[in-house]
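Q: One structure, pasted below without further comment.
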Ligand code: CP3
């Protein structure tokens, strides 16, 4: 039996962020941002002028630099390592590239059982560059802020492998899921083998928390999620927890899926911005921590409106232990960086979670 994560809290960096992931009381609500290092930030674009996205991911010095620069510029409580969801595809035998304006393109998408059979699962060591970048970030921040490693969830990665890129209706993915359930399960099982090792490498390198991105889980009905996705995802969550870190599990458009996502056993659920945080968390019986969930496009508003929305979310969280302030999806290009910095101040000025007083 793995030791429950909550018993390990004293042996991992006792940052505000990690404590909140474990639903322990904190002096104030921790805050960080999905896609905090990205194209909205001048310093990132400066690095991007000289290097491709993949180059930045694969060079630990560059990946660490953009991770550190973003976290320092925003003065947040956690840094997510700069990498990409799709990196593990390569070591499984699927080549891909990022085409300008098109997003990711996988050259030979999976469409049949034979190509799933051919995927490698024993080459996760090729992803060691992510761990090396994490080591550099940890060496820089020490225990000052939480360090987040991440990977994709089995469904979201499978959807990229099958569709060959982004998708609107996930027809090829669902066709494989419905018509070749054996091959589908094999694919998810193979992904879990690779992702578990990739996550373990990141933890060994010093990641305090691991976030699993199931960005496109909202494309699934509740019965399909439960039958075809939950079992493999639960296995991955448990196996990451077994290496000794809390797990954040995030998806978009997940209001109806949250109770099932909770069954993965994740320590924290990341809520998308459409989901009212108060109701969602109550419906989960406060049985896990909650991360979120400002609409990222609010960051284009005037500061006073942004402040009102930030405080509204903090009101909804009601000072309960286990709220991590974040957006409900990633920062988009064009976002004014000073508005992101302002959010950090608005979270801080709200003050310590006075749970009883605010809950009334
Ligand atoms: O601070 C950070 O969060 C940056 C690290 C990070 C990146 N990708 C770098 C990146 C993280 C956490 C990701 C995760 C990721 N990658 C997700 C899950 C998060 C989510 O948004 O739900 C997904 C779906 C991907 C796959 C992916 N990568 C897509 C669909 C795209 C193209 C879309 C776009 O914004 O252009 C990427 C490219 C990408 N990955 C960028 C960054 C900063 C932007 C492109 C660039 O710099 O050229």
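Q: Can you give the FRET efficiency for residue 97 and residue 186, using 1/(1 + (r/R0)^6), R0 = 35 Å, r = Cβ-Cβ distance, to the nearest 0.05? Write down the numbers at each step before the final one.
A: Working: r = 26 Å, r/R0 = 0.74.
With a Förster radius of 35 Å, E is 0.85.
Q: Using r as the Cβ-Cβ distance of residue 27 and residue 204, and R0 as 25 Å, what FRET efficiency do you calculate, to the nearest 0.05? Provide the component values of the computation, followed by the final result.
A: Working: r = 30 Å, r/R0 = 1.18.
Given R0 = 25 Å and the Cβ-Cβ separation, E is 0.25.
Q: Distance in nm between label sites at residue 286 and residue 43, each 7 Å beyond Cα in the beta-carbon direction?
A: Result: 3.7 nm between the two label points.
Q: How do 214, 283, 267 rank when sorted from fewest to most other Cβ atoms within 10 Å of their own Cβ? Each step should come with its number before you reach the end.
A: Values: 214 26, 283 14, 267 23.
Lowest count first: 283, 267, 214.
Q: Additional query: Compute the long axis of helix 154-163 from its Cα atoms, compare it with the longest principal axis of the Cα atoms of the chain, and write down the angle in degrees, 0 to 90, nearest 10.
A: 50
Q: When the C-alpha atoms of segment 82-204 are aligned to their principal axes, what extent does each axis show, in angstrom, from largest down?
A: For segment 82-204, the Cα extents along the three principal axes come out at 49, 32, 20 Å.
Q: By per-residue mean of other Cβ atoms within 10 Å, what is the highest-first order of 36-49, 317-330, 183-196? Don't skip to the end; give the middle numbers.
A: Details: 36-49: 17.1, 317-330: 22.9, 183-196: 20.5.
So the order, starting with the most tightly packed, is 317-330, 183-196, 36-49.
Q: Among 300, 150, 250, whose mean-square fluctuation peaks in a Gaussian network model of the chain (Cα, cutoff 10 Å)?
A: Result: 300 has the largest fluctuation of those listed.
Q: Moving to a separate point now. Translational diffusion coefficient, Stokes-Einstein: compute it for segment 148-220 using the Kirkwood radius over C-alpha pairs as Rh, at 10 °C and 1.306 mPa s, and state it as an integer in µm² s⁻¹.
A: Details: Rh = 13.0 Å.
Translational diffusion coefficient: 122 µm²/s.
Q: How high is the relative contact order of segment 5-359, in percent, with contacts defined as C-alpha pairs under 8 Å that are six or more residues apart?
A: Relative contact order here is 22 percent.
Q: So if we plug the beta-carbon distance of residue 297 and residue 338 into 1/(1 + (r/R0)^6) with R0 = 25 Å, what FRET efficiency do we get, rounded to 0.05?
A: On the way: r = 16 Å, r/R0 = 0.64.
That gives a FRET efficiency of 0.95.
Q: Taking the Cα atoms of segment 5-359, report the difference between the largest and smallest coordinate on each principal axis, in whole Å and largest first.
A: 59, 46, 40
Q: What is the helix-to-structure angle for 60-74, meaning the angle in degrees between its Cα long axis and the longest Cα principal axis of the chain, kept from 0 to 90 and rounded to the nearest 10?
A: Rounded to the nearest ten degrees, it is 30.
Q: Here's a follow-up. Anyone know which of 159, 215, 125 comes out most mobile in the 10 Å Cα GNM of the chain?
A: Between 159, 215, 125, it is 125 that shows the largest mean-square fluctuation.
Q: Using helices alone, what [θ] at 222 nm do you get for the chain, with -39,500 (n - 2.57) per DSSP H run of 4 or more residues, divided over all residues and rounded to the nearest 500?
A: Working: 16 runs with 162 residues, N = 360.
Helix-only estimate at 222 nm: -13500 deg cm²/dmol.
Q: If you line up the long axis of helix 337-349 against the longest principal axis of the chain, both from Cα atoms, how many degrees apart are they, to the nearest 10?
A: 50
Q: Give me the compactness ratio for segment 100-157, meaning the Cα radius of gyration over 2.2 N^0.38 Å. Could you put the intermediate results ahead of the total?
A: Details: Rg = 16.6 Å, N = 58, 2.2 N^0.38 = 10.3 Å.
That works out to 1.61 for segment 100-157.
Quick note: the coordinates plus some simple rules give every number you see, no bench work behind them. This structure is a prediction, so every number in the text was calculated from the model and none was measured. All Cβ positions, even for glycine, are placed from backbone atoms using ideal geometry, and neighbour counts span all protein chains on display.
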